[in-house]
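The values are calculated or read from the model by the stated rules, or taken from the named source; none is laboratory data. Owing to the predicted nature of the structure, the values given are computational and were not obtained by experimental measurement. Glycine also receives a Cβ, built like all others from the backbone with ideal geometry; neighbour counts cover every protein chain displayed.
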Amino acid sequence: MSIVTRGFGGRRDDPGDDVPPGQFVTQDFPVLSTGPTPSVDEAHWQLAVHTETGAAHRWSWDELMSLPAEDVTTDIHCVTHWSKLGTTWRGVSLDTLFADVETSADFVMAHSYGGYTTNVPLQDLLDGQSWVAYEFEGEPLEPVHGGPARLLVPHLYFWKSAKWLRGLVMEDDDQPGFWESNGYHAYGDPWLEQRYS
Amino acid sequence: MDRPAHDAPLDGNAVAGLLGEAFAFETTLALVRCATCGRTDVVARARAHVSAMGAIVRCDGCDAVLLVVVERPDGTLVSTRGAAWLRAPRPADRPY
Amino acid sequence: MTAGATGGWHVATVVGARPLTRSARELTLSVPGLEASSPGQHLDVRLTAPDGYQATRAYSLAATGQAERADLVVDRVPDGEVSPYLVDVARPGDLMEVRGPLGGYFVWRPGDPGPVLLVAGGSGVVPLLAMLRARRASSSRAPFRLVCSVRGPADAIGREEIDEPTPGVEVHWVFSRESPPGWPTRPRRVADDDLAAPGFTAADGPDVFVCGPTGFVEAAAALLTGLGHAPDRVRTERFGGA
């Protein structure tokens, strides 16, 4: 049973009806990291999609920049109870990246520079639901927030939006990623409060 | 539920309260052996990345993940996959 | 939550608040059930908003040895969530929760003969101040040298108390941005000369305690091992903020 600390409100706004249960709105952009911030310069950056047949599709930074970009305005929800409303991003839709990818596997493991992993069903990445984002609020994405590029899957808790994205590996089974192996939910729907496994 | 957002790593001292929910001994003086590189040192000397999702304790030698601590509503979860073993300090090591 | 080394959360009531600098203040808490702490230990502090939102941070204890009482020094982190509350808002009668006392590694035992070399960056002085207070309050004759690095004189936590002349205790201030009027040296970072003093060299085998922000701690620890101090005699504690 917790007591209440008079005068403490945290740095939060009053949550409206538009945020998932148990969430509080913040104007900040808290940084959550599992390790040191990897330093990846754009000249050496590469993104790869590996399918279950061993085929690989690769993009250099310049190749990513040459793909059609989309501007996205979305709310983001962190499992640690903060939500940030109306964030703006620019990036490449996963529909574009997967246009030529042949796969019958249903699951994706996102891999990051630095070793982080998180699992997402493929159907949650397609149909305009996810992006490889490289701008935030009109500026290049800062390294602490996942730059040069991160996955953006805003309809799931934000740990699924892997920072420092380096690869997407198709998997036949839904294997747990880093946090999913350590007590967090395999899917992470904020509207269903799927925080823990 | 919220913890400070850090970019710079802290050290094992910062995880004493979290680990104390799971272990009956003083954890900063406990010895931990890295399953990856074999380095053996007290938890206090490991690197710690503490965020609101949990604490990740990494080997100061090879940076491999030693321990992950997550405060779930139903109890504190400690993953020890990256540690070959953890040894409680001797009573003489205790300050109190 | 009662099991475990921490004994779980205790309800704490603010009983005193004293400003120390423009950004830091000492808060005294009354905590029924809290064990007496050792110099260098810290507490986790948990605040709960009326809507249930919680935030937890770790703070070093500035004074130790008395059960059911906690003396914290909190330095305001400008964009922080908890420290601005503790520095600017909390007042006697307010409730919060604490867990601890925590830590056994970054602890000085008053029975140890010394010598002891303490190196503080900014508000990293707090657990070292607890060690200094414990030495002054005990019969210890352990030689102490405290090196305090601060941005400017207005940022020095507890300077008057720290400077109080005590046989066997030397204090050395380093100002990194702004020196006091008439100070013999220009603002600078901690260097070998600050750390190497007669009686506290590597050959004297002091116990070394370094506390501060991560960058400061790593720079100071590198200087100390460069001066020949055995790495396992250099105990470090890094703090973040917010």
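Against the criterion of being in a loop (DSSP other than H, G, I, E, B) and assigned by TED's automatic domain parsing to the domain that holds C:His172, C:Ala142 qualifies.
Evaluate the following for C:Leu95: is it at pLDDT 95 or above, in the same structural domain as C:Arg46 (by TED's automatic domain parsing) and touching a strand residue (DSSP E or B) at 6+ places or on another chain (Cβ under 7 Å)? When the stated conditions are applied, C:Leu95 passes them.
Listed here are the strands (runs of 3 or more DSSP E) enclosed by the stretch A:81-197 that have at least 3 residues being under 24 Å from A:Ala55 (Cβ atoms): A:82-93, A:107-112, A:117-121, A:165-171.
Being among the aromatic types (Phe, Trp, Tyr) and more than 13 Å from the chain's Cα centre (by Cα), is that true of even one residue in the stretch A:83-92?
Within the stretch A:83-92, the subset among the aromatic types (Phe, Trp, Tyr) is A:89.
Filter once more, so that each one left must be more than 13 Å from the chain's Cα centre (by Cα): none.
No, because not a single residue in the stretch A:83-92 is among the aromatic types (Phe, Trp, Tyr) and more than 13 Å from the chain's Cα centre (by Cα).
Residues that are outside any strand (DSSP E or B) and surrounded by 14 or more Cβ atoms within 10 Å (Cβ to Cβ) within the stretch C:164-177 comprise C:Gly168, C:Ser176, listed in sequence order. Condition first: under 23 Å from C:Val150 (Cα atoms), more than 14 Å from chain B (Cβ to nearest Cβ) and hydrophobic (A, V, I, L, M, F, W, C). Now tell me which residues in the stretch C:75-109 satisfy that. Within the stretch C:75-109, just C:Val87 meets the criteria. A count restricted to the stretch A:72-108 and to residues that are small (Gly, Ala, Ser) and closer than 25 Å to C:Gln54 by Cβ stands at 1.
Okay, residues lined up against (1) of a type outside the set (S, T, N, Q); (2) within 23 Å of A:Asn182 (Cβ to Cβ):
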| residue | (1), (2) |
| --- | --- |
| A:Gly115 | yes, yes |
| A:Asn119 | no, yes |
| A:Ala133 | yes, no |
| A:Gly138 | yes, no |
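For the subset of the stretch C:106-116 comprising residues that are at pLDDT 95 or above and either under 14 Å from the mean Cα position of the chain (by Cα) or among the charged types (D, E, K, R) (or both), which member is nearest to C:Arg145 (Cα to Cα)? In this case the residue turns out to be C:Trp108.
Do the conditions hold for C:Gly40, that is, is it assigned to a loop (DSSP other than H, G, I, E, B), over 19 Å from B:Thr28 (Cα atoms) and at the interface with another protein chain (Cβ under 9 Å from one of its Cβ atoms)? Full working, then the answer.
On the way: assigned to a loop (DSSP other than H, G, I, E, B): yes; over 19 Å from B:Thr28 (Cα atoms): no; at the interface with another protein chain (Cβ under 9 Å from one of its Cβ atoms): yes.
No: the conditions fail for C:Gly40.
Being of a type outside the set (Ser, Thr, Tyr) and within 12 Å of the chain's Cα centre (by Cα) narrows it down to one of B:Asp41, B:Asp63, so name that one. So that I can check it myself, show each step before the final result.
On the way: B:Asp63 fails: within 12 Å of the chain's Cα centre (by Cα).
When all the criteria are applied, what remains is B:Asp41.
Determine if the stretch C:219-227 includes at least one residue that is of a type in the set (S, T, N, Q) and away from chain B (no Cβ under 14 Å). I'd like the intermediate steps shown before the answer.
In the first step, residues of the stretch C:219-227 are kept if they are of a type in the set (S, T, N, Q); the result is C:225.
In the following step, the residues that additionally are away from chain B (no Cβ under 14 Å) were identified as none.
No, the stretch C:219-227 contains no residue that is of a type in the set (S, T, N, Q) and away from chain B (no Cβ under 14 Å).
The strands (runs of 3 or more DSSP E) found entirely in the stretch B:8-95 that carry 1 or more residues being modelled with pLDDT of 95 or more and away from chain C (no Cβ under 11 Å) are B:31-34, B:40-42, B:54-58, B:65-72, B:75-79, B:83-87. Taken across the stretch C:55-74, residues that are facing another protein chain (nearest Cβ under 9 Å) and in a loop (DSSP other than H, G, I, E, B) do not occur at all.
This table checks each residue for (1) more than 14 Å from chain B (Cβ to nearest Cβ); (2) touching a residue at least 40 places away in the same chain (Cβ under 8 Å); (3) not charged (D, E, K, R).
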position: A:Val40; (1), (2), (3): yes, yes, yes
position: A:Ala56; (1), (2), (3): yes, no, yes
position: A:Asp71; (1), (2), (3): yes, no, no
position: A:Arg90; (1), (2), (3): yes, yes, no
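Yes/no matrix, rows are residues, columns are (1) under 17 Å from A:Asp41 (Cβ atoms); (2) modelled with pLDDT of 95 or more; (3) within 14 Å of chain B (Cβ to nearest Cβ); (4) surrounded by fewer than 19 Cβ atoms within 10 Å (Cβ to Cβ):
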| position | (1), (2), (3), (4) |
| --- | --- |
| A:Gly128 | no, yes, no, yes |
| A:Leu141 | yes, yes, no, no |
| A:Leu151 | no, yes, no, no |
| A:Lys163 | yes, yes, yes, no |
| A:Leu168 | no, yes, no, no |
| A:Gln175 | no, yes, no, yes |
| A:Ser181 | no, yes, yes, yes |
| A:Tyr184 | no, yes, yes, no |
| A:Gln194 | no, yes, yes, yes |
